[in-house]
1. May I ask you to list the residues in the stretch A:121-153 that are under 14 Å from A:ILE97 (Cβ atoms) and free of Cβ contacts under 8 Å to residues at least 60 places away in the same chain?
2. Search the stretch A:308-322 for residues being open to solvent by less than 10 Å² (accessible area, probe 1.4 Å) and of a type in the set (Val, Ile, Thr), and hand back the single one that is farthest from A:TYR718 (Cα to Cα).
3. Within the stretch A:155-195, which residues are closer than 29 Å to A:TYR246 by Cα and open to solvent by 70 Å² or more (accessible area, probe 1.4 Å)?
4. So A:GLY233 clears everything in (1) within 29 Å of A:MET448 (Cβ to Cβ); (2) open to solvent by 20 Å² or more (accessible area, probe 1.4 Å) except one condition, right? Which one?
5. Just to verify a result, which residue in the stretch A:265-280, among those that are of a type in the set (Phe, Trp, Tyr) and outside any helix (DSSP H, G or I), is surrounded by the fewest Cβ atoms within 10 Å (Cβ to Cβ)?
6. Identify all residues within the stretch A:251-264 that are within 16 Å of ligand 2 (Cβ to nearest atom) and crowded, with 21+ Cβ neighbours inside 10 Å; write none if there are none.
7. As an exercise: evaluate A:THR285 against (1) of a type outside the set (Gly, Ala, Ser); (2) in a strand (DSSP E or B); (3) touching a helix residue (DSSP H, G or I) at 6+ places or on another chain (Cβ under 6 Å); (4) under 16 Å from A:TYR625 (Cβ atoms) and give the number of the one condition it does not meet.
8. Looking at A:VAL198, A:VAL290, A:VAL247, which one is buried (at least 19 other Cβ atoms within 10 Å of the Cβ) and more than 16 Å from ligand 2 (Cβ to nearest atom)?
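The values are calculated or read from the model by the stated rules, or taken from the named source; none is laboratory data. The structure displayed is predicted, hence computed values, not measured ones. Reconstructed Cβ throughout: ideal geometry from the backbone, glycine too, with neighbour counts over all protein chains shown. Protein only, heavy atoms only, side chains kept; ligands, DNA and RNA dropped before computing areas. Shrake-Rupley method; radii C 1.70, N 1.55, O 1.52, S 1.80 Å.
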Amino acid sequence: MGLGLLASRAMRPLRNSHSSVFLRTIVSKPELQSAESSAAAQAPPEPDLPPRTPVGGARIHFPNPEDAIEVFVDGYPVKIPKGMTVLQACEVAGVDIPRFCYHSRLSIAGNCRMCLVEVEKSPKPVASCAMPALPGMKIKTDTPVAKKAREGVMEFLLMNHPLDCPICDQGGECDLQDQSMAFGSDRGRFTEMKRSVVDKNLGPLVKTVMTRCIQCTRCVRFATEVAGVQDLGMLGRGSGEEIGTYVEKLMTSELSGNVIDICPVGALTSKPFAFKARNWELKGTETIDVTDAVGSNIRIDSRGPEVMRIVPRLNEDINEEWISDKTRFCYDGLKRQRLNDPMIRDADGRFKAVTWRDALAVVAEVALQAKPEEIVGIAGRLSDAESMMALKDLLNRMGSNNVWCEGTGTQPSADLRSGYIMNTTISGLEKADVFLLIGTQPRVEAAMVNARIRKTVRANNAKVAYIGPATDFNYDHQHLGTGPETLTELAEGRHPFCSAISNAKNPVIIVGAGLFEREDKDAIFATVEAIAKKHNVIRPDWNGLNVLLLNAAQAAALDLGLVPESTNSIESAKFVYLMGADDVNLDKLPNDAFVVYQGHHGDRGVYRANIILPASAFSEKEGTYVNTEGCTQQTLPAVPTVGDARDDWKIIRALSEVAGLTLPYDSVGGIRTRIRTVAPNLLNVDEREPATFGPSVKPEVTGKMDTTPFKSAVENFYMTDSITRASKIMAQCSAMLLKK
Amino acid sequence: MSFTLRSVKVPPNSANLEEARSRVFEFFKTACRSLPSIMDMYNLDDVASKSQLRSVISSEIRKNSHVTNPKVIDMLLFKGTEDLNNILEHAKQRHHIIGQYVVGPQGLVQDLDPKDRGMSNFLKNFYRSNYF
Ligand code: SF4
Ligand code: FES
């Protein structure tokens with residue numbers, strides 16, 4: 001660990017000067033007590049070669065090469081851009097400075113004083129996180145003065161911190177625990193009573209034990225800066241200082257779970273995870289999230305066959321280091337309402353468990369009796385690319401081409417990739433200065449994209465305009481209108497906001513994928529493109545026209561060309577294959593149609609199903625997903641499948657063989673080779689494939705826009721798919737946190 | 001335990017493939033010779049015949065016929081000897097023997113359905129479990 005490394009490095013100069021004392025890394029010793037004498041005894045610093053690697057692979061980006069300055073960290077020279085703090089300079093030099101309040105993505109508070117270092121010619125140790133590095137500064141991180149200072153700070157912090165590590169959920173991953181081991185004193189001098197603080201109720205997600213709080217204010221800064229809610233604050237002064245909501249109130253943010261990660265101690269911990277497991281008994285699996293189209297990078301921590309928690313993983317291009325509450329807490333849905341056996345509906349309407357052999361035989365028989373144009377296949381919002389490929393191939397072999405992914409509407413256009421992905425990229429949004437959101441509520445549709453927009457709004461005062469039904473934003477915005485008329489006004493240049501877009505350097509238009517479901521979507525997209533053209537949103541160096549997708553499966557489905565042949569195939573269908581599709585409207589389906597539901601949850605799709613084939617959920621399989629910006633990512637299996645479930649693509653492959661239409665692949669490798677011939681970008685994992693052509697090559701659209709206003713695409717942020725709908729925590733959240 | 005240790009002495013490594021080969025034959029013969037007492041001990045007469053068990057032993061040995069490294073052969077022989085000794089010591093029970101050597105790893109469930117004959121390995125594995 002970084003700290004242990006640091007601690008052992010802290011030991012080295014001592015060894016040089018006083019070869020007799022190196023029994024322990026951190027001890028209080030006479031030479032530490034009198035800083036000056038030992039500083040004098042210090043040997044002149046010699047550069048520590050070969051160069052050290054920066055902490056955590058910290059990268060430096062020089063915006064302007066002239067602005068580079070050189071500082072010395074423990075005698076080792078580093079070049080850093082002007083304006084970096086001393087702490088960042090040390091990080092670049094490979095020295096991990098202990099810290100509590102500093103967080104690279106939050107503003108600097110400088111109130112914990114743990115990061116004290118010695119700077120030559122400065123009379124006192126300085127708080128490195130708040131001190132800008134100056135040219136030629138000589139920073140010393142492992143001198144007795146610095147160590148003494150840290151030891152002192154540690155002692156003060158531990159004065160009021162309870163010694164309840166054995167029952168604290170942060171134990172084992174607690175910054176205070178680690179740093180007191182590395183930098184603290186070996187004895188305490190405090191004999192009085194510790195203070196205690198009343199716990200606050202922050203809602204169903206975050207558990208508080210406020211006595212443990214060390215007042216670093218990270219959570220307050222996170223709430224105000226990143227989450228954009230003014231719920232948390234600091235009350236009182238001195239030893240009466242407390243973190244809390246000013247009034248008795250819950251924390252209503254879709255990002256509130258992140259305070260659990262940033263709190264350096266166990267003051268804010270996860271309520272659903274409380275007392276469930278210790279972090280060292282968990283197995284981490286690095287995978288991605290599928291509850292929205294962002295594809296946040298997550299780590300699934302599991303113990304045995306059970307998912308215990310989900311935590312974010314750093315990915316600067318997608319989710320930085322945050323995830324939404326839905327992503328973090330949906331995991332209990334993976335344990336409830338699961339389908340674990342193939343089942344057939346009896347004549348009396350009850351489901352009866354059968355073997356795979358019988359189930360597949362029945363499905364194959366019915367499928368072969370249906371006429372090709374009566375066969376329909378619908379992929380669900382959580383489907384991975386492999387299974388969608390297999391489904392499409394199987395249906396094509398049966399002679400039907402009516403296969404699509406739910407949420408893409410009746411007539412998706414998969415021809416131009418730029419027409420359904422986020423062309424600016426999620427991280428590219430930070431360069432924008434004007435946003436025009438059309439029919440999308442990013443806060444509920446893609447919380448991480450919304451966090452980026454908020455970041456941009458805070459950083460460069462970007463303007464945000466919004467067209468759609470009234471909704472909640474956590475940044476300033478202008479509500480231009482609710483429907484297509486406003487679009488027409490913008491396209492014709494009659495709207496006052498036009499000047500803002502055309503004067504912008506990097507304007508961004510984001511269109512919500514909810515509009516895909518509208519009948520007049522071609523006309524709407526044509527109008528949006530007209531706006532883009534008129535205001536120069538698409539330039540060779542900047543593509544600001546974006547679509548914000550809703551589901552994890554959507555982009556891959558369109559990449560693979562899952563486009564239905566006819567718009568009303570459901571009305572005449574006799575055989576419907578739902579691959580995890582729960583949100584399709586089956587009202588128009590004839591009563592004698594045979595419905596196969598393949599999926600992992602007994603959700604809406606099951607109500608109408610005649611036969612159930614249990615499949616594995618995203619935490620149990622390896623699957624390829626493409627996120628809304630076109631970045632291909634893969635999930636990895638963290639836990640075994642439930643019951644007798646099988647991976648989606650395997651079920652379809654097996655069914656194809658039983659039906660006598662054997663698909664030409666029987667391994668993941670084989671199916672990926674097949675995908676390569678259709679959409680090679682799906683094999684470049686962790687890479688973003690930009691769209692090649694802009695909308696300029698699109699054919700002319702003739703059609704008029706309807707005047708019905710836009711609808712919101714996501715009614716309930718916490719419950720959007722079969723996993724989140726099965727989750728108890730998400731149900732609590734929607735009951736308590738959603739404003740009615 | 002001491003009994004096991006006594007009976008499974010570790011012989012010196014085979015010097016070459018030839019020596020290892022002859023040891024295998026030795027082992028096979030020993031195993032075959034102990035078959036009558038094993039069948040007695042575990043009451044196997046009503047489930048298997050001597051010749052059946054003999055061919056099971058030989059097929060177990062043939063399973064490793066591709067091994068050419070004398071050290072590996074020695075190791076496999078050691079395992080075989082150990083197993084044989086365990087059986088002779090009555091350290092196993094009847095169902096162990098039946099499960100391992102009479103019925104075989106396929107279990108009692110055999111795909112006897114004539115429809116399943118032309119089934120691919122994929123489908124066979126699919127019916128068995130999700131992990132293959
Ligand atoms: S609750 Fe945690 S993050 Fe917030 S101030 Fe206290 S210690 Fe810091
Ligand atoms: S990290 Fe510098 S004062 Fe807290």
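1. Answer for the stretch A:121-153, where residues must be under 14 Å from A:ILE97 (Cβ atoms) and free of Cβ contacts under 8 Å to residues at least 60 places away in the same chain: A:PRO125, A:VAL126, A:ALA127, A:SER128, A:CYS129, A:ALA130, A:MET131, A:ALA146, A:ALA149, A:ARG150, A:VAL153.
2. Selected residue: A:ILE318.
3. Within the stretch A:155-195, A:PHE156, A:LEU163, A:ILE167, A:MET193, A:LYS194 meet the criteria.
4. Unmet for A:GLY233, out of (1) within 29 Å of A:MET448 (Cβ to Cβ); (2) open to solvent by 20 Å² or more (accessible area, probe 1.4 Å): (2).
5. Restricting to residues being of a type in the set (Phe, Trp, Tyr) and outside any helix (DSSP H, G or I), the top hit is A:PHE275.
6. Step one: filter the stretch A:251-264 for residues within 16 Å of ligand 2 (Cβ to nearest atom), giving A:262-264.
The answer is A:CYS263, A:PRO264.
7. (3)
8. Numbers: A:VAL198 fails: buried (at least 19 other Cβ atoms within 10 Å of the Cβ); A:VAL247 fails: buried (at least 19 other Cβ atoms within 10 Å of the Cβ).
So the residue among A:VAL198, A:VAL290, A:VAL247 that is buried (at least 19 other Cβ atoms within 10 Å of the Cβ) and more than 16 Å from ligand 2 (Cβ to nearest atom) is A:VAL290.
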